[in-house]
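Single-structure report; data block below.
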Amino acid sequence: MPEAEITLMAELTFLEPAGGELLDALAQVVKTTRAEQGCLAYAAHVHTEDQRRVLFHERWADQSALDRHWASEHLAAFREFVAPRLASVPTLT
């Protein structure tokens, strides 16, 4: 039986409104992730009313594609960049 498609929503809340280096990092992680095998959709949206909040919408072909994404070097670099800028622990649903 084939693995089921996976859809995720993640929310990151930053100490400061998204701008400059953070927007560049978001654009880079989106671009690189969209090229990953098994990525069906990956988008980051800055909240219109609270620009400290960034919402991610992700769709993956299966769990193994998502596992490869979580283990990727570019996601590790993104996590390292955003960690000191976060106001709270990210949520994932």
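The values are calculated or read from the model by the stated rules, or taken from the named source; none is laboratory data. Owing to the predicted nature of the structure, the values given are computational and were not obtained by experimental measurement. Here the Cβ is made from the backbone with ideal geometry for all residues, glycine too, and neighbour counts use every protein chain on show. Just the protein is used for accessible areas: all its heavy atoms, side chains included, with ligands, DNA and RNA removed. Shrake-Rupley method; radii C 1.70, N 1.55, O 1.52, S 1.80 Å.
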| Which numbered condition A27 misses (of (1) touching a strand residue (DSSP E or B) at 6+ places or on another chain (Cβ under 9 Å); (2) among the small types (G, A, S); (3) part of a loop (DSSP other than H, G, I, E, B)) | (3)
| Failed criterion for R59 (all others in (1) under 21 Å from E16 (Cα atoms); (2) open to solvent by 60 Å² or more (accessible area, probe 1.4 Å) hold) | (1)
| note | Residues of region 67-82 being open to solvent by less than 80 Å² (accessible area, probe 1.4 Å) and among the aliphatic types (A, V, I, L, M), in sequence order, are L75, A76, A77, V82
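Could you grab me the full set of residues in region 32-51 that are open to solvent by less than 80 Å² (accessible area, probe 1.4 Å) and not in a helix (DSSP H, G or I)?
Of everything in region 32-51, those that are open to solvent by less than 80 Å² (accessible area, probe 1.4 Å) and not in a helix (DSSP H, G or I) turn out to be E36, G38, C39, A41, Y42, A43, A44, V46, H47, D50.
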| field | Out of S88, S64, sole residue that is among the hydroxyl-bearing types (S, T, Y), open to solvent by 40 Å² or more (accessible area, probe 1.4 Å) and under 19 Å from M9 (Cβ atoms) | value | S88
| field | Selection count where residues are closer than 17 Å to L40 by Cα and free of Cβ contacts under 8 Å to residues at least 60 places away in the same chain, scope region 58-93 | value | 11
